Amino acid sequence: WHNECLLGLNKSGKELNLLRQNTWAFSDEHAAMAGTACDYFTQDNAHDAADKNIPLLFISFPSEKDPNWNNHPERRDKSTVAIITFAKWKWFESWDNQPLKRRGDDYDRAKKLIGQKMIDQTCRLYPQIEECIDYVDIGTPVTNSHYISSTKGEIYGLDHNVDRFDAQANAALRPETDISGLYMTGQDVLMCGFTGALMGGALTSCTMLKRDIFTDILRIRKSAYPFSKKES
């Protein structure tokens, strides 16, 4: 489960020296080793969790990755930030069946407390953005549950614990199934994230086509971008 915080900035990425990269930021060495056993995740509610340091943030600047960003006049001299961190379903589950945008003051307060904590910790790493924030949108597992109808607001598929990667699980999570013509694909065939989903799709293509498409891709790349040794 995750909380997401999306920021709109009133200066360009060039002005703010934002890079085309992702940052995985651990609050300290203990948090990196403790994982979900750290103090943040042992709290019973979002209000108490907001009093603790968030152990891990994923920080990215989508505007810097978009080659067409400055082609839109309304986007010039602006930039964006995406921040994601882990959450617990029980912090928000009591609001799951309530209508969007009308979940009440308690929900808004809990959501904003966590969101502001995410922003504060991000600004410690990127202090140049702190005075440039024009727009804030905060999402919770309940938000994900509403928009994508995922189980308890999950956005990364199967839990990535030790059991997820044992031999039995790996044997079961394959593209081919016992049902003729039915294949699995995406991140749960391999691992979470964009790259995991991309490679999961490639593995499924290999299974369906009964050929090694990775070799095909390499051959196409070599044909399109021939390598020639430089003369010494």
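Taken over the range 62-94, the residue count meeting the criterion of being in a loop (DSSP other than H, G, I, E, B), open to solvent by 30 Å² or more (accessible area, probe 1.4 Å) and either more than 26 Å from Gln121 (Cβ to Cβ) or out of contact with any Gly (no Cβ under 7 Å at 6 or more places or on another chain) (or both) is 7. Checking every residue in the range 138-152 against the condition of being in contact with a Pro (Cβ under 9 Å, 6 or more places away or on another chain), among the charged types (D, E, K, R) and open to solvent by less than 70 Å² (accessible area, probe 1.4 Å) gives zero matches.
Counting only residues that are within 13 Å of Thr140 (Cα to Cα) and crowded, with 20+ Cβ neighbours inside 10 Å, the range 104-125 holds 5 of them. Of the residues making up the range 192-218, those that are in contact with a Gly (Cβ under 8 Å, 6 or more places away or on another chain) and hydrophobic (A, V, I, L, M, F, W, C) are Cys192, Ala197. Could you identify the single residue in Met191, Met208 that is among the aliphatic types (A, V, I, L, M) and more than 24 Å from Trp89 (Cα to Cα)? On inspection, the qualifying residue turns out to be Met208.
Ala167 passes every criterion in (1) surrounded by 11 or more Cβ atoms within 10 Å (Cβ to Cβ); (2) modelled with pLDDT under 90 apart from (1).
Annotation for the range 208-224: no member residue is at pLDDT below 85, in contact with a helix residue (DSSP H, G or I) (Cβ under 7 Å, 6 or more places away or on another chain) and either assigned to a helix (DSSP H, G or I) or among the hydroxyl-bearing types (Ser, Thr, Tyr) (or both). Considering every residue within the range 44-52, establish whether at least one is open to solvent by 60 Å² or more (accessible area, probe 1.4 Å), farther than 24 Å from Ile148 by Cα and not in a loop (DSSP other than H, G, I, E, B). Among the residues of the range 44-52, at least one is open to solvent by 60 Å² or more (accessible area, probe 1.4 Å), farther than 24 Å from Ile148 by Cα and not in a loop (DSSP other than H, G, I, E, B), which makes the answer yes. Contact annotation: residue pairs with Cβ atoms under 7 Å, 6 or more positions apart or on different chains, pairing a residue in the range 190-201 that is over 14 Å from Phe214 (Cβ atoms) and free of Cβ contacts under 8 Å to residues at least 60 places away in the same chain with a partner that is in a helix (DSSP H, G or I) and not charged (D, E, K, R), are Gly193/Gln187; Gly196/Gln187; Ala197/Gln187. Within the range 193-207, being open to solvent by less than 50 Å² (accessible area, probe 1.4 Å) and closer than 16 Å to Phe165 by Cβ holds for Gly193, Gly196, Gly200. Applying a threshold of 7 Å to beta carbon distances and a minimum spacing of six or more residues, or different chains, the list of pairs starting in the range 74-90 at a residue that is more than 16 Å from Tyr135 (Cβ to Cβ) and at pLDDT below 90 and ending at one that is of a type in the set (Lys, Arg) and open to solvent by 10 Å² or more (accessible area, probe 1.4 Å) reads Trp89/Lys152.
Here Tyr135 clears all of (1) in a helix (DSSP H, G or I); (2) of a type in the set (Phe, Trp, Tyr); (3) touching a strand residue (DSSP E or B) at 6+ places or on another chain (Cβ under 7 Å) except the condition numbered (1). Evaluated against (1) out of contact with any Phe, Trp or Tyr (no Cβ under 8 Å at 6 or more places or on another chain); (2) over 30 Å from Val142 (Cα atoms); (3) surrounded by 10 or more Cβ atoms within 10 Å (Cβ to Cβ), Leu182 falls short on exactly one condition, (3).
The values are calculated or read from the model by the stated rules, or taken from the named source; none is laboratory data. Keep in mind it's a predicted model, so treat the numbers as computed, not measured. All Cβ positions, even for glycine, are placed from backbone atoms using ideal geometry, and neighbour counts span all protein chains on display. SASA here: full protein model, heavy atoms, side chains in, ligands and nucleic acids out. Shrake-Rupley method; radii C 1.70, N 1.55, O 1.52, S 1.80 Å.
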